[in-house]
1. For region A:264-364, please list each of the helices (runs of 4 or more DSSP H) lying entirely inside it that holds at least 1 residues being surrounded by fewer than 23 Cβ atoms within 10 Å (Cβ to Cβ) and without any contact (Cβ under 8 Å) to a residue 12 or more places away in the chain.
2. Being near DNA strand D (Cβ under 7 Å from one of its atoms) and facing another protein chain (nearest Cβ under 9 Å) is the filter here, so list the residues in region A:1-18 that pass it.
3. Among the residues of region B:8-19, is there at least one that is surrounded by fewer than 17 Cβ atoms within 10 Å (Cβ to Cβ) and either closer than 30 Å to B:Thr120 by Cα or more than 9 Å from DNA strand C (Cβ to nearest atom) (or both)?
4. Among the residues of region A:291-318, what is the count of those that are over 21 Å from the mean Cα position of the chain (by Cα) and within 12 Å of another protein chain (Cβ to nearest Cβ)?
5. Restricted to region A:50-82, and to residues that are closer than 22 Å to B:Ala3 by Cβ and out of contact with any strand residue (DSSP E or B) (no Cβ under 9 Å at 6 or more places or on another chain), which residue is farthest from DNA strand C (Cβ to nearest atom)?
6. Go through A:Lys197, A:Lys173 for me and flag whichever is part of a helix (DSSP H, G or I) and either among the aliphatic types (A, V, I, L, M) or outside the structural domain of A:Gln91 (by TED's automatic domain parsing) (or both).
7. What are the pairs, 6+ residues apart or on separate chains, where a residue within region A:21-43 that is without any contact (Cβ under 8 Å) to a residue 60 or more places away in the chain and more than 12 Å from chain B (Cβ to nearest Cβ) has its Cβ under 6 Å from a residue that is away from DNA strand D (no atom under 11 Å from the Cβ) and basic (Lys, Arg)?
Protein chains: 2
Amino acid sequence: MKAQNQPIAKENNRRLVVKLILMHSPISRMELAGLTGLSKMTITNIVSELIKNEIVEETGSTGSGVGRKKIYLKIKQNSRFFIGLYIARKQLFSFAADLCGNIFCEKHISLCNETNDSLTRKVLDAVENVEKRVDVQKIMGIGVTCIGPLDSEKGIILSPPDFYDVHDLPLVKEIQKRYAYPVVLRNDMDASALAEKYYGAGRTLNNFIYLGISDGIGAGVISNGLLYKGNKGFSGEIGHTCIDINGRRCSCGNTGCLELYAALPADYVSLEYKERALLLDKSCKYLAAGLITLINLFDPSAVFIGHKLAVDGELAAELLQKEINGRYLASEQRRVEIKPTVFSEKSPMVGAAAICMDEFRAYP
Amino acid sequence: MKAQNQPIAKENNRRLVVKLILMHSPISRMELAGLTGLSKMTITNIVSELIKNEIVEETGSTGSGVGRKKIYLKIKQNSRFFIGLYIARKQLFSFAADLCGNIFCEKHISLCNETNDSLTRKVLDAVENVEKRVDVQKIMGIGVTCIGPLDSEKGIILSPPDFYDVHDLPLVKEIQKRYAYPVVLRNDMDASALAEKYYGAGRTLNNFIYLGISDGIGAGVISNGLLYKGNKGFSGEIGHTCIDINGRRCSCGNTGCLELYAALPADYVSLEYKERALLLDKSCKYLAAGLITLINLFDPSAVFIGHKLAVDGELAAELLQKEINGRYLASEQRRVEIKPTVFSEKSPMVGAAAICMDEFRAYP
DNA sequence: AATATTAGTAAAATGAATTTACTAATTAGA
DNA sequence: TCTAATTAGTAAATTCATTTTACTAATATT
């Protein structure tokens, strides 16, 4: 419940212009004025600032009938960088990303039996490694994507599956002890949803869901153009949607949780295609029941399928679309398109750039 | 994606101050400065304006240790009015409400076999009736609460149950043809959730759910202090959460929808208490399964039970609390309190005032 | 070539919020 | 009981992001 004063409004407007150029590029100053509601003079001023800071560049012009041609603007590649990390179940990915979501200097190391201390050390080493390879002047922040559950507001990794000795790790604080860059931590599902919003097929959509399936089932929701930050554990909780009240009891206390029916085996990606298709077919029947609950609640116009299941993204999307069409009265206004993500299994990494774009200012 | 300019920020800040005084009263200027982040001088200016407009009044003062006493502020009763309507399945309620949520001039007429035209006429008559009884200078807007489904953004009632001849009625436009007041239309569940937020037990909470059960099952969600406006049909869709994938097919296309198991009979309120208790006991078992899905997704700190079920609110809350405790691993941070609403069956009416407070400016 | 139209900019004006320097009212302690 | 310290609130001057007004730039139509 914070109020608006002049410096905050200024900051918001500049960020808004950056985002709109990113999502609508190529776009002209006049079009930006229309989208934002700001006067064309204000847009001129803001854009000049951004060009001077080398965040935005002019890129040709086109006339659409009478009158002076529009001068098109777009975000400049390689102008600024974020340091990105993705903490998965068994691996730590590190990389740099520019404002356009391009990934550079990608490296990964394996994780096993980590403790709070060992994981922190590996993370700090990874950051150091990326920092060395990028012009330090251009680094705007650090984005950490991590499997849940975590408390992103406080920057704490709570108790991720497979990390039996990691508990309540205040990773953001630990990074900030060593580095002055702003740091953001978000779970991989939310980050992947934002990846889709900033850089993917969701750029022009305001309501969609990213459904990530690897060993667990999770989802990130974009609602009214913004990440829905409902809850600390949100993204993981879709797996605990009850789809069979008379079903087996789950470790969460509930009965008939989706995760008990729809989860894929850990070695899924290494199986033969034929075998995967059979498993997928069965899984999607159940998955659809849970997904419909989400669709009913959030009314998305699209669902993007990702994480490890991206290897069979096309097939999964097809199977789910069919199941859902059979269980859902789609009117013209209410049609949900189910598609694989364009980032294949890299969504959480592109997501690390996206959470930085979402949280940090892209200019000095 | 609209930007912030000075007049918009000004408007937002004034509304914010009104809301904060409402929700935290009695509150001092300094405390408001702290909550909003605005300087104390700005708060002085805004409050002076509001006092001059008779929306706010000073109400005594208390010292808390050293220093000058705080001057407490609160919203003035009867200073401005909203015209409120509640379109239920079989009745149309009309009334006036002040900024504090007090209801005046309540009347109701019965509805039966209404068409677009007949319903519009009855609504306009009802508005006229209330308008006659209130100082016209003090009327700030019209709030219409209606059973769903409806499109509140466009102000259209789509196809409410029991109203077989009402379809796509642009009620807001119809009212605005005759009246110059701003008009807002919202479904009864969302409005009831806002009632709780502005005037009820949810005033100090930022995440809670209003669960309304009458003939159907619906919910309104307050998330991060704001009404979650997810979707046109949202509030009604909780009833179509699948709790049994192998269950009966529902009219919505899905199988095993909550509504098929947990709905109460139409004559529920007229039954004997003993009978109601037996029905409720069974219903709550299923209701809990659907409610847990909502709780998992939205992580509320409280659930308020209302609508017709408010007659047995205490009992329902108790039964649901027990069911949920057994199906949900509540940690210290994650505890959900289930309680009856303080407005008994009047939530949608108080909600009509709340949606006005949420949408309109309370000052000229 | 003149006119209408759209894109973009320079310089002056606006006005909400802040800053600075005050007044008002209270307690604690010398 | 007088003084210093502390908290609440206000008056007048200042700040600065945005807008307004009046322009220039570049294009198509007649």
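The values are calculated or read from the model by the stated rules, or taken from the named source; none is laboratory data. As the structure is a prediction and not an experimental result, all values here were calculated from the model. Ideal geometry is used to build each Cβ from the backbone, glycine not excepted, and the neighbour counts take in all protein chains shown.
1. Here the list reads A:273-298, A:313-326.
2. Once the filter is applied, which keeps residues that are near DNA strand D (Cβ under 7 Å from one of its atoms) and facing another protein chain (nearest Cβ under 9 Å), region A:1-18 yields A:Gln6, A:Ala9, A:Lys10, A:Asn13.
3. Yes, there is a match, as at least one residue in region B:8-19 is surrounded by fewer than 17 Cβ atoms within 10 Å (Cβ to Cβ) and either closer than 30 Å to B:Thr120 by Cα or more than 9 Å from DNA strand C (Cβ to nearest atom) (or both).
4. Looking only at that region, the number is 3.
5. Per the criteria, the residue is A:Asn53.
6. A:Lys197
7. Between residues of region A:21-43 that are without any contact (Cβ under 8 Å) to a residue 60 or more places away in the chain and more than 12 Å from chain B (Cβ to nearest Cβ) and residues that are away from DNA strand D (no atom under 11 Å from the Cβ) and basic (Lys, Arg), the close pairs are A:Ser25/A:Lys74; A:Pro26/A:Lys74.
Let's see how each residue does on (1) touching a Lys or Arg at 6+ places or on another chain (Cβ under 6 Å); (2) more than 9 Å from DNA strand D (Cβ to nearest atom):
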| position | (1), (2) |
| --- | --- |
| A:Ala33 | yes, no |
| A:Thr36 | no, no |
| A:Met41 | no, no |
| A:Leu50 | no, yes |
| A:Val66 | no, no |
| A:Leu73 | no, yes |
| A:Asn78 | no, yes |
